[in-house]
Amino acid sequence: MLASSVQRSKSNPYPSKARSALVRRIVLTVLVLGALTLLTISFRSPTSGALHDAQGIAASGLRPFQIAAARVARPFRDAYDYVDGLASAKSQNEKLRREVSRLRAQASASEALAARSAELEKLLKYEQGKTYPKDYRAVNAAVTSFPAGPFTQQIAIDAGADRGLRINTPVVSGDGLVGRVTNVYSHSAVVTLLTDANSYVSARDLDTGVRGLIRHGQGNTLILDQVAKQVVVNKGDQLVTDGTRDARYPDLYPYGIPIGTVSSVGIQDTASFLQVQVEPYANLGSLDSVAALVATKGG
Amino acid sequence: MSLLDGGKAAVLLFVAAIAQVSIFGQARVLGAVPDLLLVTLVAVALLRGSLAGAVGGFYAGLLVDSASLGELGLTSLVLTVSGYWIGRYGETTGRDRAHAPFLSVAVVTVLYGFGLLVVHFVLGESAPAGAVVRSLAPAIAMNLVLTGPVYALVRRLLRPENRDELSAEVQLLG
């Protein structure tokens with residue numbers, strides 16, 4: 001037995017291993033370079049160019065599938081909402097929320113007008129300026145994609161240049177300010193939310209008349225910045241957009257859009273300004289439909 | 001990977017990408033979003049290798065960036081690398097191991113989050129590391145919940161290939 005020749009098992013030489021490894025690495029390199037190229041072009045010209053147009057066409061092509069997916073998911077979402085609502089006394093809650101929303105809108109509108117009346121005379125010449133955002137029409141749009149993580153504070157909506165949207169068009173929900181349009185395609189647009197790091201809105205405290213700048217804070221919260229320590233801001237104060245105060249420097253947002261309420265006010269010795277936390281009226285994490293405010297004159 | 005398998009994988013990733021953008025993007029729990037697309041890509045990469053993982057990641061990333069009107073190429077870049085890496089794991093040490101999909105999803109969820117963080121940071125955009133760290137645990141938990149059914153579905157559509165067809169650069173003894 002020992003002398004007999006033993007058939008050595010045929011080793012698997014993987015004849016194509018080296019070649020397939022080479023192909024694999026080449027493909028990976030090409031794909032990574034392709035992604036980097038797309039990213040570079042997209043980053044350098046985010047609002048125009050062939051790639052921008054191609055992306056708009058692709059987005060239009062994908063929209064029917066997105067709408068279909070949303071419709072398929074709708075019963076499950078409704079069921080979830082129903083169960084969730086039962087646990088929190090849905091009917092009463094819903095009724096009260098509608099009531100609060102309606103009253104808040106009325107109150108904000110009334111107070112905005114009242115607060116404005118004192119300055120109407122002063123601002124009259126500004127309001128009559130060509131660039132003053134006097135009239136807006138609402139373009140209703142459905143939200144087609146949502147912020148998918150902490151990096152993205154943008155949503156996509158199904159209205160675009162075809163319906164008059166432009167870059168910097170203000171966008172609101174039924175509750176209050178949502179953000180502004182930062183990229184426009186023919187049939188869709190990208191809306192950057194108030195919670196984005198690059199979002200700044202000049203705001204006015206309706207109760208005290210204090211002005212400041214709404215920007216994002218820690219953990220997707222909002223803060224009212226640039227408010228001097230000497231002035232008074234109280235918890236519960238209502239904030240609205242400050243609008244254009246000087247026709248030479250038109251604001252992106254018209255006056256009086258509800259933004260939110262002051263949720264806390266803090267003072268630190270080392271800080272230059274008050275630390276004012278703001279609770280936005282609009283539920284930025286759950287938007288189904290929004291309205292873009294398209295200027296009808298001079299915009 | 002046959003043409004039929006490629007078609008199946010493309011359809012799977014297409015459906016996952018659309019569902020991710022249109023449905024799962026809204027399901028935010030403790031700051032995290034369940035990532036059906038990432039889980040599906042992991043399953044495809046484990047079952048069909050690094051090449052399919054990389055190509056699938058690139059394709060899925062393009063779909064997501066197009067549908068969400070995001071920066072084209074950003075998601076593709078991270079998903080391509082993720083798909084390739086998981087594919088290599090599947091081709092070598094991860095093959096035939098029951099825990100491979102779960103381990104891969106957990107690891108890739110972390111790497112994907114930090115990969116996006118790095119890309120955003122390099123681009124000079126907002127890159128909140130604290131938010132990423134805080135959302136990691138719920139993101140991993142939700143993705144692991146999805147892993148079982150998604151992997152089973154993908155495995156049913158893309159039957160595991162013959163072992164000999166896979167590369168074996170790392171062989172286990174014994």
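The values are calculated or read from the model by the stated rules, or taken from the named source; none is laboratory data. Given the structure is predicted, the values throughout are model-derived calculations rather than measurements. Here the Cβ positions follow ideal geometry from the backbone for every residue, glycine too, while neighbour counts run over all protein chains shown. All accessible areas refer to the heavy atoms of the entire protein, side chains included, with ligands and DNA or RNA removed. Shrake-Rupley method; radii C 1.70, N 1.55, O 1.52, S 1.80 Å.
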Name the single residue, out of those in region B:1-27 being in a loop (DSSP other than H, G, I, E, B) and more than 27 Å from A:PRO147 (Cβ to Cβ), that is nearest to the chain's Cα centre (by Cα). B:MET1
Give A:SER42, A:SER60 a once-over and let me know the one that is at the interface with another protein chain (Cβ under 8 Å from one of its Cβ atoms) and open to solvent by less than 40 Å² (accessible area, probe 1.4 Å). A:SER42
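Looking only at region B:7-40, which residues are away from chain A (no Cβ under 12 Å), buried (at least 23 other Cβ atoms within 10 Å of the Cβ) and in contact (Cβ under 8 Å) with a residue 60 or more places away in the chain? Steps first, please.
Residues of region B:7-40 away from chain A (no Cβ under 12 Å): B:7-10, B:12-13, B:39-40.
Adding the requirement that they be buried (at least 23 other Cβ atoms within 10 Å of the Cβ) leaves B:9, B:13, B:39-40.
Passing the criteria: B:ALA9, B:VAL39, B:THR40.
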Of the conditions (1) part of a helix (DSSP H, G or I); (2) in contact (Cβ under 8 Å) with a residue 12 or more places away in the chain; (3) under 19 Å from B:ILE140 (Cα atoms), B:GLY53 satisfies every one except a single condition; which number is it? (3)
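Restricting to region A:274-296, count the residues that are open to solvent by 80 Å² or more (accessible area, probe 1.4 Å) and of a type in the set (D, E, K, R).
Looking only at region A:274-296, we keep the residues that are open to solvent by 80 Å² or more (accessible area, probe 1.4 Å), and these are A:275, A:279, A:283.
Retained after the next criterion (residues that are of a type in the set (D, E, K, R)): A:279.
Matching residues across region A:274-296 total 1.
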Of the residues in region B:135-149, how many are open to solvent by 20 Å² or more (accessible area, probe 1.4 Å) and within 8 Å of chain A (Cβ to nearest Cβ)? 0
Can you tell me which residue among B:ARG88, B:ARG97 is touching a Ser or Thr at 6+ places or on another chain (Cβ under 8 Å), free of Cβ contacts under 8 Å to residues at least 40 places away in the same chain and over 28 Å from A:GLY61 (Cα atoms)? B:ARG88
Which residues, counting only those in region B:58-77, are open to solvent by less than 10 Å² (accessible area, probe 1.4 Å) and more than 8 Å from chain A (Cβ to nearest Cβ)? B:ALA60
Failed condition for A:TYR80, given (1) surrounded by fewer than 18 Cβ atoms within 10 Å (Cβ to Cβ); (2) within 14 Å of chain B (Cβ to nearest Cβ); (3) under 28 Å from A:GLY243 (Cβ atoms); (4) modelled with pLDDT under 75, with all others met? (3)
I'd like the full set of residues that are β-branched (Val, Ile, Thr) and surrounded by 24 or more Cβ atoms within 10 Å (Cβ to Cβ), limited to region B:99-108. B:VAL105, B:VAL108
When restricted to A:VAL265, A:VAL233, A:VAL278, A:VAL240, the only residue more than 24 Å from A:GLN106 (Cβ to Cβ) and modelled with pLDDT of 80 or more is A:VAL265
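Just to be sure before I move on: is A:ALA271 of a type outside the set (Asp, Glu) and open to solvent by 30 Å² or more (accessible area, probe 1.4 Å) in the structure I sent? Break it down stepwise before answering.
Working: of a type outside the set (Asp, Glu): yes; open to solvent by 30 Å² or more (accessible area, probe 1.4 Å): no.
No: the conditions fail for A:ALA271.
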Residues of region A:208-227 being modelled with pLDDT under 85 and not hydroxyl-bearing (Ser, Thr, Tyr), in sequence order, are A:GLY217, A:GLN218, A:GLY219, A:ASN220
For region B:90-105, check the following and say yes or no: at least one residue is in a helix (DSSP H, G or I), closer than 18 Å to A:VAL32 by Cβ, modelled with pLDDT of 85 or more and charged (D, E, K, R). no
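Restricting attention to region A:111-118, does a residue exist that is loosely packed, with under 15 Cβ neighbours inside 10 Å, farther than 30 Å from B:ALA60 by Cα, modelled with pLDDT under 70 and within 13 Å of chain B (Cβ to nearest Cβ)?
no
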Scan region B:113-128 residue by residue and report those that are small (Gly, Ala, Ser), in a helix (DSSP H, G or I) and within 9 Å of chain A (Cβ to nearest Cβ). B:GLY113
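Restricting attention to region B:78-98, report how many residues are of a type outside the set (Phe, Trp, Tyr), in contact with a helix residue (DSSP H, G or I) (Cβ under 9 Å, 6 or more places away or on another chain), more than 8 Å from every other protein chain (Cβ to nearest Cβ) and open to solvent by 10 Å² or more (accessible area, probe 1.4 Å). Break it down stepwise before answering.
Pass one, region B:78-98, residues of a type outside the set (Phe, Trp, Tyr): B:78-83, B:86-88, B:90-98.
Restricting the remaining residues to those that are in contact with a helix residue (DSSP H, G or I) (Cβ under 9 Å, 6 or more places away or on another chain) gives B:78-83, B:86-88, B:90-91, B:93-97.
Next, only the ones that are more than 8 Å from every other protein chain (Cβ to nearest Cβ) stay: B:78-79, B:82-83, B:86-88, B:90-91, B:93-97.
Now narrow it down to the ones that are open to solvent by 10 Å² or more (accessible area, probe 1.4 Å): B:78, B:82, B:88, B:91, B:93, B:95-97.
Matching residues across region B:78-98 total 8.
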Pick out the one residue from A:GLY160, A:GLY217, A:GLY164 that is within 14 Å of chain B (Cβ to nearest Cβ), out of contact with any helix residue (DSSP H, G or I) (no Cβ under 7 Å at 6 or more places or on another chain) and surrounded by fewer than 23 Cβ atoms within 10 Å (Cβ to Cβ). A:GLY217
